[in-house]
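Heads up: the structure comes next, in structure tokens.
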Amino acid sequence: MRKISEVFINGICLEKILEDHEKWLNGEDSGERANLNDADLRYTDLIGANLRDVNLNSADLSDADLRDADLKDAYLRGAYLKNADLSGADLRDVNLSSADLRYTNLNGTNLSDADLRCADLSYTNLNGANLRFADLIGADLRDADLSCADLRFTNLNSANLRFANLRDVNLSYADLGDANLISADLSSAVLLGGYGSNGSRDLLTNNVLIVID
């Protein structure tokens, strides 16, 4: 695992970039917003890092350690995060559209209001994650573990949930229109006032507790 003092972006040490970013967040004149667009951050130790509002579009964060990192409002469109550990991270309002999150550990993360449109989340660990109001239109969640996740008000329109583990999830008011739920495990899932394809409220019936108010 690489330390931030060992990583250089365009000749500048990542440690210095993040220090200047912290100053920028605090409104200091000497601060500068971090631009890590297309950066190579593979195998980097970013535990607890303050990456709020950082531009990480198309960055390679595969196998990076981002446990408990602050990524609120960060831009990670098209980023590569395969095998990264983001457990406990703050990902509220993050843009992860079209990102590669295969095999990523997102256990217990806060992804409320996140943009995950067309993201690849196959085989991802989302156990206990907060995905309230997240946009997952067209996302690939094949074989993902979403057990005990909070999916209230989540937009899962056209999402691929084949073989996903949805045990004990809360899908209240979620939009599952045209979602692929073939062979998904929906044991003890809860749906209150959600919608299926074409606005139907006759949504999930196999092993799902549906409570329509």
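Within region 1-16, being out of contact with any helix residue (DSSP H, G or I) (no Cβ under 8 Å at 6 or more places or on another chain), among the aliphatic types (A, V, I, L, M) and within 15 Å of Ala64 (Cβ to Cβ) holds for one residue alone: Met1.
Matching residues to (1) modelled with pLDDT of 95 or more; (2) surrounded by 24 or more Cβ atoms within 10 Å (Cβ to Cβ); (3) more than 18 Å from Ile9 (Cβ to Cβ); (4) of a type outside the set (Asp, Glu):
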{"residue": "Ile47", "(1), (2), (3), (4)": "yes, no, yes, yes"}
{"residue": "Asp60", "(1), (2), (3), (4)": "yes, no, no, no"}
{"residue": "Asp73", "(1), (2), (3), (4)": "yes, no, yes, no"}
{"residue": "Gly78", "(1), (2), (3), (4)": "yes, no, no, yes"}
{"residue": "Leu91", "(1), (2), (3), (4)": "yes, yes, yes, yes"}
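When you look at Ser87, is it within 11 Å of the chain's Cα centre (by Cα), more than 22 Å from Asp168 (Cβ to Cβ) and small (Gly, Ala, Ser), yes or no? No, not satisfied.
Could you please find all residues in region 89-119 being within 18 Å of Leu25 (Cβ to Cβ) and either in a strand (DSSP E or B) or of a type outside the set (Lys, Arg) (or both)? Of everything in region 89-119, those that are within 18 Å of Leu25 (Cβ to Cβ) and either in a strand (DSSP E or B) or of a type outside the set (Lys, Arg) (or both) turn out to be Ala89, Asp90, Leu91, Asp93, Val94, Asn95. Residue-level check: of (1) among the charged types (D, E, K, R); (2) surrounded by 15 or more Cβ atoms within 10 Å (Cβ to Cβ); (3) more than 25 Å from Arg77 (Cβ to Cβ), Glu6 misses just (2). When we screen Ser97, Ser87 for residues that are closer than 19 Å to Arg52 by Cβ, in contact with a Cys (Cβ under 7 Å, 6 or more places away or on another chain) and of a type in the set (Ser, Thr, Tyr), the only hit is Ser97.
In this structure, does Leu204 turn out to be within 19 Å of the chain's Cα centre (by Cα) and at pLDDT below 95? So Leu204 does not fit the description; no. Consider region 124-174. How many of its residues are of a type in the set (D, E, K, R) and part of a loop (DSSP other than H, G, I, E, B)? Looking only at that region, the number is 7. Residues in region 32-88 that are closer than 14 Å to Met1 by Cβ and outside any loop (DSSP other than H, G, I, E, B): Thr44, Asp45, Asp65, Asp85.
The values are calculated or read from the model by the stated rules, or taken from the named source; none is laboratory data. Quantities reported herein were computed from a predicted structural model and do not represent experimental measurements. Please note: Cβ atoms are built from the backbone with ideal geometry, for glycine as well, and neighbour counts cover all protein chains shown.
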